[in-house]
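*Asks:* Questions regarding the structure given below will be posed in turn.
The values are calculated or read from the model by the stated rules, or taken from the named source; none is laboratory data. Note that the structure is a prediction, hence the values are computed from the model and not measured. Glycine gets a Cβ as well: all are built from the backbone with ideal geometry, and neighbour counts include every protein chain shown. Only protein heavy atoms, including side chains, enter the accessible area calculation; ligands, DNA and RNA are left aside. Shrake-Rupley method; radii C 1.70, N 1.55, O 1.52, S 1.80 Å.
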Amino acid sequence: MDDSDPFATAHRLPTSTRPLLGLTILVVEDSRFACEAMRLLCLRSGARIRRADCLKSARRHLQIYRPSAIVVDMGLPDGSGADLIEELTQASPRIGVILGTSGDLDGEEIAMEAGADGFLPKPVSSLAAFQAAILTRLPADRQPLGPRLLFDEEIRPDRLAYQDDMAHVADMLSERNDGRTLDYVAQFLLGVARSGEDHVLVSAAQSLARTRARGAPVTAETARVAGLVQERLRQRQAI
């Protein structure tokens, strides 16, 4: 179902409790943990979710479907989400709502400069904030009639999805540790760890990113990150 289908929303009008009913949201996100949060937010809101884990996959999807809204992570394995946002703002017809998301403090500025309608800082856990970010930017005829019940529910994704992200990082570090890979790992872990409230891993990812930005050797920081990731994978085995 998507906005290019004239029958998509004929019998799926939004309600006060499911205000995004009838909408299709494309989430462009490489983190399994963040995707699980988005899936739950869409489920609670009545929206249908489609997912892409990189720019290439998103562009292939958009050749076939036109979603009602799109949420784009700013740091993706094959490039910046800002590039996709810029493309989408210039496309015709334009997707109704274009949102950026990131755990990076600079993410909002980058997304808005690229032309995003709004921004969702990670962790995206508030149901009310998620719904408002989309509803306030939809045309009036796509919004629920009458008063809307606000449920300020906090979404908590399955921790197994967090462990999947740790396995992804471990695989990347075992295959290569060049500068580009380390920059991606630092950015990826920063968003995931903030979403998972893993403050120790947030600190390690920040240290790796700062050291990379200075152009200094990163052997110690890389080893610390790799060790913390392995600790979390051992926790997965315990689960």
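*Asks:* Accessible area per residue, 1.4 Å probe, Å², for the stretch 24-142: what's the number?
*Replies:* Here the residues of the stretch 24-142 average 41 Å² of exposed surface.
*Asks:* Could you estimate the translational diffusion coefficient of the chain from the Stokes-Einstein equation, with Rh from the Kirkwood formula over C-alpha pairs, at 20 °C and 1.002 mPa s, in whole µm²/s?
*Replies:* Reported coefficient: 115 µm²/s.
*Asks:* Using a 10 Å cut-off on Cβ atoms, rank the peptides 42-48, 180-186, 71-77 from the highest mean neighbour count down.
*Replies:* In descending order of packing, they fall as 71-77, 42-48, 180-186.
*Asks:* Note the full-extension length gain between D171 and D83 as 0.36 nm times their separation in residues minus their Cα-Cα distance, in nm to one decimal.
*Replies:* Details: separation 88, 0.36 × 88 = 31.68 nm, distance 2.65 nm.
Going from the current span to full extension adds 29.0 nm.
*Asks:* What is the ratio of the Cα radius of gyration of the stretch 173-221 to 2.2 N^0.38 Å, where N is its residue count, to two decimals?
*Replies:* Against the empirical 2.2 N^0.38 Å value, I get 1.08 for the stretch 173-221.
*Asks:* Tell me which chymotrypsin sites (Phe, Trp or Tyr not before Pro) from the stretch 50-136 have a DSSP coil assignment and no more than 15 other beta carbons within 10 Å of their own. Show your work: numbers first, answer last.
*Replies:* Numbers: sites: Y65, F119, F130; in loops: Y65.
Answer by residue number: Y65.
*Asks:* Can you list, bin by bin at 5 Å, the percent of alpha carbon pairs in the stretch 70-143, starting at 0?
*Replies:* With a bin width of 5 Å, the distribution comes to 3, 17, 27, 25, 18, 8, 2, 0.
*Asks:* Further question: Calculate, for R137 and V200, the FRET efficiency according to 1/(1 + (r/R0)^6) with r their C-beta to C-beta distance and R0 35 Å; round to the nearest 0.05.
*Replies:* With a Förster radius of 35 Å, E is 0.45.
*Asks:* Shifting gears a bit: So what's the angle, to the nearest 10 degrees on a 0 to 90 scale, between helix 179-195 and the longest Cα principal axis of the chain?
*Replies:* The two axes meet at around 60 degrees.
*Asks:* On full extension of the chain, what length is gained from A128 through Y65, given 0.36 nm per residue of separation minus the C-alpha to C-alpha distance?
*Replies:* 20.0 nm
*Asks:* With a 1.4 Å probe and all protein chains left in place, how much of the accessible area of the chain comes from carbon and sulfur atoms, in whole percent?
*Replies:* The computed percentage sits at 51.
*Asks:* R0 = 45 Å: FRET efficiency of Q230 with A91, Cβ-based, nearest 0.05?
*Replies:* The value I calculate is 0.55.
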